[in-house]
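Worksheet: one structure, shown below.
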Amino acid sequence: MSTVVEHSHPWIQNLVAYDPGKPIEETARELGLDPESIIKVASNENPLGPSPVAVEAMKEAASGVHIYPDGGGYRLRSAIAEKFGLDRQNIILGNGSNEIIELIGHGFLQPGDEVVVAEHAFVVYKLMATLFGAKTIEVPDPGFVHDLDAMADAITEKTKKVFIANPNNPTGTMVDEEALDRFMERVPDHVMVILDEAYYEFLHEPPNTLKYVEQGKNVVIMRTFSKIQGLAGLRIGYGITTPEIAEVLQKCRQPFNANSIAQAGALAGLMDDEHQLKTRDLNDEGLAFWQEKLREQEIDFVPSFANFLLVKVGDGDEVFRRMLQRGVIIRAMSGYKLPEWVRISMGTMEENRRCFDTLVEVLGEMS
Ligand SMILES: *Cc1c(COP(=O)(O)O)cnc(C)c1O
């Protein structure tokens, strides 16, 4: 190993880079298939595509990209704040909501700190904690549901943050407002709670969590334009928090972390309730289809509140490979220490049917 590499942070040497869903183009090249014949239901993307209104706004913004973006994100932050009855000072923009996880690390984490997460929580929390030399405490989640009482019990003097993904990825499970209220009551003052609500808009009865911000609690609510808005490629998300925490996070970011096309697309997408409702309806239909079919076939799965399902298939890596051969990209879960499971995103109904049929065929072949 070169001296320079040897001298990288010791904690980074153990860091395993995030493994994203396999891209369609790469799969097509490797298998010699037409990209058009491949479906990707691996990264919880919107099968309807982006909001058409957002696409128009982005086209318009494209002719202005010789000018640096509005570094303060004035219009977008104002619009988000207005939508939720808050002030612009409550809102921070991120290059995807994932960047906000990193900003929180920059602002608030030091080597030796502890970060509490659920055992099967979204893996980026642990990656980011590790990046800053913090230790991740993984609390068992019976039935794949965050056990908030146990997570509160796991808080020590060294704990700086607790991450709650609600609904969680990859499990699709959620905790209700009552459980959250009870948890928030117990959290001591030196701990920040991060509520990751990437799939919030898919819920029919979402818990009210904005009240924690209004009450001035040490909380950051993260939301994203990547999921229901269909803007994953743009990389834009936001945090809702107290003005005091937001001020720290503003200092931790690059001056132009949210680019101008992303700001324009997000602003238009935010207002496009029609596209969001259409997406949620399709998702409801997809979840109903999948869950009924899986029950019929007696295939085990975790009932989901999000736009994907965790399905128990035996050998997840092998099922992933065999489905890939047939042009269907899903996500193996061995990286989440769930080698028997795969995660399947809800697609169009045509994609759902093809994916389900392919899964049954592959499982039949393997049994
Ligand atoms: C998809 C997802 C995000 C969103 O990430 P972006 O960086 O906004 O694309 C955040 N948290 C969870 C749990 C997710 O599944």
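State whether segment 96-214 is rounded, prolate or oblate according to the following rule on the C-alpha gyration tensor (a ≥ b ≥ c being the square roots of its eigenvalues): a/c under 1.5 gives rounded; otherwise a/b larger than b/c gives prolate, and the remaining case gives oblate.
It comes out rounded by the Cα gyration axes.
Please get the size of the charge dipole for segment 52-271, origin at its Cα centre, with Cβ charges of +1 on Lys and Arg and -1 on Asp and Glu, quoted in debye to the nearest 20.
Dipole about the Cα centre, nearest 20: 840 debye.
Along segment 290-297, what does the Karplus equation 6.51 cos²θ - 1.76 cosθ + 1.60 (θ = phi - 60°) give for ³J(HN,Hα), rounded to whole Hz, x for Gly and Pro?
After applying 6.51 cos²θ - 1.76 cosθ + 1.60, I find 4, 5, 5, 5, 5, 4, 3, 7 Hz.
Say we join alpha carbon atoms closer than 10 Å with springs in a Gaussian network model of the chain; which of Ile39, Ile344, Ile91 then has the biggest fluctuation?
Fluctuation is largest for Ile39.
Express as a percent, rounded to the nearest 5, the fraction of DSSP beta bridges in the chain (both residues included) that run antiparallel.
Once the DSSP bridges in the chain are tallied, antiparallel ones form about 50 percent.
Quick check: with the 1.4 Å probe, what order do Tyr336, Tyr212 take by accessible area, largest first?
Tyr336, Tyr212
May I ask you to give the percent of accessible area on segment 52-271 that is carbon plus sulfur, with a probe radius of 1.4 Å?
51 percent
Which of Leu310, Leu203, Leu103 moves most in a GNM of the chain, Cα contacts under 10 Å?
It is Leu203.
If the only charges are +1 at each Lys and Arg Cβ and -1 at each Asp and Glu Cβ, what is the size of the charge dipole of segment 1-117 around the Cα centre, to the nearest 20 debye?
340 debye
If a/c stays under 1.5 just call it rounded; otherwise compare a/b with b/c (prolate if a/b is bigger, oblate if not). Do that for the chain, with a ≥ b ≥ c from the square roots of the Cα gyration tensor eigenvalues.
Rounded.
Averaged per residue, what accessible area in Å² does segment 229-356 show with a 1.4 Å probe, protein chains only?
Per residue, segment 229-356 has 42 Å² of solvent-accessible surface.
Just going by the charge dipole of segment 52-271, with Lys and Arg at +1 and Asp and Glu at -1 on Cβ, which of Gly105, Gly265, Ile194 is farthest out on the positive end?
Gly265
If the reach is capped at under 22 angstrom between alpha carbons, list the lysines near Lys126, excluding any in the same chain fewer than eight residues apart.
Excluding near neighbours in sequence, the set is Lys22, Lys135, Lys158, Lys160, Lys161, Lys227, Lys337.
Enter the Cα centre distance for the pair segment 300-327 and segment 146-204, rounded to the nearest angstrom.
26 Å
Round to the nearest 10 and report in Å² the accessible area of Arg326, as given by a 1.4 Å probe over the protein chains' heavy atoms.
70 Å²
For the chain, what is the charge dipole size about the Cα centre, in debye to the nearest 20, if Lys and Arg each add +1 at the Cβ and Asp and Glu each add -1 at the Cβ?
Charge dipole of the chain: 900 debye, to the nearest 20.
Separation of segment 33-83 and segment 230-250 by C-alpha centroid, Å?
16 Å
What's the Cα-based Rg to Rh of segment 52-271, Rh via Kirkwood?
Looking at segment 52-271, the ratio lands at 0.97.
Could you report segment 60-218's accessible area per residue, 1.4 Å probe, as an integer in Å²?
In whole numbers, segment 60-218 has 42 Å² accessible per residue.
As I understand it, the dipole of the chain uses +1 on the Cβ of Lys and Arg and -1 on the Cβ of Asp and Glu, about the Cα centre. Which of Thr136, Gly64, His120 lies farthest toward its positive end?
Result: Gly64, furthest along the dipole toward the positive end.
Most mobile of His146, His66, His275 per a Gaussian network model of the chain (Cα springs, under 10 Å)?
Comparing His146, His66, His275 in the GNM, the peak value goes to His66.
With a 1.4 Å probe and all protein chains kept in place, how do Val360, Val342 rank by accessible area, largest first?
Ranking Val360, Val342 by accessible area, largest first, yields Val360, Val342.
Calculated from DSSP H runs of 4 or more alone, at -39500 (n - 2.57) each and per residue, what is the 222 nm mean residue ellipticity of the chain, nearest 500?
Helices in the chain give a 222 nm mean residue ellipticity of -12000 deg cm²/dmol.
Along the charge dipole of the chain, pointing to its positive end and built from +1/-1 on Cβ of Lys, Arg, Asp and Glu, which listed residue (Ala232, Val41, Cys252) has its Cα farthest out?
The one lying farthest along the dipole's positive direction is Cys252.
In the full protein assembly as shown, how much of Tyr74 is accessible to a 1.4 Å probe, in Å² to the nearest 10?
Accessible surface of Tyr74 is approximately 130 Å².
The values are calculated or read from the model by the stated rules, or taken from the named source; none is laboratory data. What you are looking at is a predicted structure, and each value in this text was computed from that prediction instead of being measured. Positions of Cβ are backbone-derived with ideal geometry, glycine not excepted, and every protein chain shown enters the neighbour counts. Each accessible area value is taken on the protein alone, full model and side chains, heavy atoms only, with ligands, DNA and RNA left out. Shrake-Rupley method; radii C 1.70, N 1.55, O 1.52, S 1.80 Å.
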